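Single-structure report; data block below.
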Amino acid sequence: MKNSAYGVLVWFIATLFVIYAFCLNTAASVFQESIQASLHASNVDVSIAMGAFIVGFACMQIPAGYLLDRFNARYVVSAGVLLLAAGNFLTSISPNIVMFGISNLLQGMGGSFAFIAAAVLISQWFSMKSFPILFGLTQTLSCILAGVIHSVMAKQLQLTTWNTIYQFLSLCGMALFIISIMVIKSPSDRRIVSQSSLGATLAAVCKNKQIMLCALAATTSFGILLSYASFWYMSIEKFYAVKVTDAYVISALIFAGIGIGTPVLGFISNWLQSRILLIHITLVVGTMFLLAGIYLPHFNNDSLLLIKVVSFLIGFLLSGSMLFFTMVSELASDSSRGVALSVTNTGVFMLNAVMMFVPYLLITASSTTFFTYLWILPCCILVSILVVYFIKDSYLNTSS
């Protein structure tokens, strides 16, 4: 049943789940001021409540992968969508900051299934050579549609309340739940080859040195890219006195590079018949452009053409680190693939979160500009490049 038309439908629905989860993960930032005023909360209270999403995501990520390994994806994915939509609805009716935090926790638990579900379903329905392309296209649609949806939500906030927008999003989630329970399923020829417990499966994954090296390399490269693209670039643009509107364009170009790069580089890796070769090239060249993005002076002109090109290339080239997920999928067995991918994604997610504050610890007494602390970003990618030398090319294991 590999590469069937039905598999394309399953992939598309799983991708909608990823988009829905990604939008809700970052939607609170769009409504932060309105939520804070409505719930009469402080900046610290709102930050903690929003951070509950990260806690829920981190706690459920590996169990979500295990459930996808063990059971029919129809019930596991649908349960994740339902939990995400339910948390979304509770958010919309939250009377206080405590309930808002609890609802964000539930959303994080539900959202933890999305990314891994897409990866596992692609591996079940398609050949290994199709995995990096389709998984890349999932990333492409997530980057593009999440930005469009956020823009629409920001405009709607001027016309209605954040509660109403969240209620509409919860209805979208319930519709997605109905579609998921009706359509999504694992292929009929799939067999559960192991009944191992979560602990035993996790131990087996952690004992696989190649998978753990891929997870470490993905964490120190893709995790850093997400941290730069979603947070640190703004500090850089402020230092160079770039207008806010131009800064948003630069951000969009970084994510456009990621969205375009993931499927294109996946295709090229198939053509080269090598994952490691392309990862090594893109990480080395991508690090050069990251250094340029951080330290290259932004010339005072209307177009800022140079930094826009550099920003796109940062996203495009460093998106090659997404191929580590492909390698993990190729290295893992059918009974542990979800857990292996979950371990990798947990590392990426946690480093991304940690890098929101760790660079501040490196600020020197003589200077508080990013010159004194953002060097840690390219240095982490250098760690990833070094780890690559100890990883065997998983493409050699791909026969389909």
Under the Karplus curve 6.51 cos²θ - 1.76 cosθ + 1.60, θ = phi - 60°, whole-Hz ³J(HN,Hα) for the range 170-182, x wherever Gly or Pro sits = 5, 5, 4, x, 5, 5, 5, 4, 4, 5, 5, 5, 8
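Any chance you could run the full-extension gain for Leu361 through Ile93? It's 0.36 nm times the residue separation minus the Cα-Cα distance, nm to one decimal. Don't jump to the answer; show the numbers that get you there.
Numbers: separation 268, 0.36 × 268 = 96.48 nm, distance 3.81 nm.
Taking Leu361 through Ile93 to full extension adds about 92.7 nm, to one decimal.
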Is it possible to state the helix-based mean residue ellipticity at 222 nm for the chain, with each DSSP H run of 4+ residues giving -39500 (n - 2.57), the sum divided by total residues, to the nearest 500 deg cm²/dmol? What is it?
-> -25000 deg cm²/dmol
Roll a 1.4 Å probe over the protein chains and send me the accessible area per residue for the range 196-391 in Å².
-> 41
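Would you mind telling me the share, in percent, of accessible area of the range 196-391 contributed by carbon and sulfur at probe 1.4 angstrom? Mind dumping the intermediate values first?
Details: 5890 of 7990 Å².
Answer for the range 196-391 is 74 percent, counting heavy atoms of protein chains only.
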Each residue of the range 146-161 in turn: what ³J(HN,Hα) in whole Hz from Karplus with 6.51, -1.76, 1.60 and θ = phi - 60°, glycine and Pro shown as x?
-> 4, x, 5, 5, 4, 5, 5, 5, 4, 6, 5, 5, 6, 10, 8, 8
Taking the Cα-to-Cβ direction at Cys59 and at Leu171 and moving 7 Å from each Cα, how far apart do the two end points lie in nm?
-> 3.1
Put +1 on the Cβ of each Lys and Arg and -1 on the Cβ of each Asp and Glu in the range 199-304; which of Ala218, Ile254, Ala200 then has its Cα farthest toward the positive end of the dipole?
-> Ala200
Calculated from the structure, Rg and Dmax of the Cα atoms in Å equals which of (1) 21.7, 76; (2) 20.7, 64; (3) 27.9, 94?
-> (2)
Using the Karplus equation 6.51 cos²θ - 1.76 cosθ + 1.60 (θ = phi - 60°), what ³J(HN,Hα) coupling, rounded to whole Hz, does each residue of the range 247-263 give in order, writing x for Gly and Pro?
-> 5, 5, 5, 4, 4, 4, 5, 4, 5, 5, x, 5, x, 7, x, 4, x
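Kindly rank 38-51, 113-126 from highest to lowest mean number of other beta carbons found within 10 Å of each residue.
Numbers: 38-51: 15.1, 113-126: 26.9.
Descending packing order for the listed peptides: 113-126, 38-51.
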Using per-residue counts of other Cβ atoms within 10 Å, averaged over each peptide, order 227-234, 103-110, 128-135 from highest down.
-> 103-110, 128-135, 227-234
Straight distance only, please: which lysines reach the Cα of Lys207 with their own Cα at less than 24 Å, same-chain residues fewer than 8 apart left out?
-> Lys392
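Which of the peptides 211-222, 143-154 is most tightly packed, and how do the rest follow, going by the mean number of other Cβ atoms within 10 Å of each residue?
Working: 211-222: 25.2, 143-154: 16.4.
For the peptides 211-222, 143-154, the packing ranking is 211-222, 143-154.
The values are calculated or read from the model by the stated rules, or taken from the named source; none is laboratory data. As the structure is a computational prediction, the values presented were derived from the model and not from experiment. Every residue, glycine as well, gets a Cβ built from its backbone with ideal geometry; the counts of neighbours run over all protein chains shown. For the accessible areas, the whole protein counts, side chains as well, though only heavy atoms, and no ligand, DNA or RNA atoms are used. Shrake-Rupley method; radii C 1.70, N 1.55, O 1.52, S 1.80 Å.
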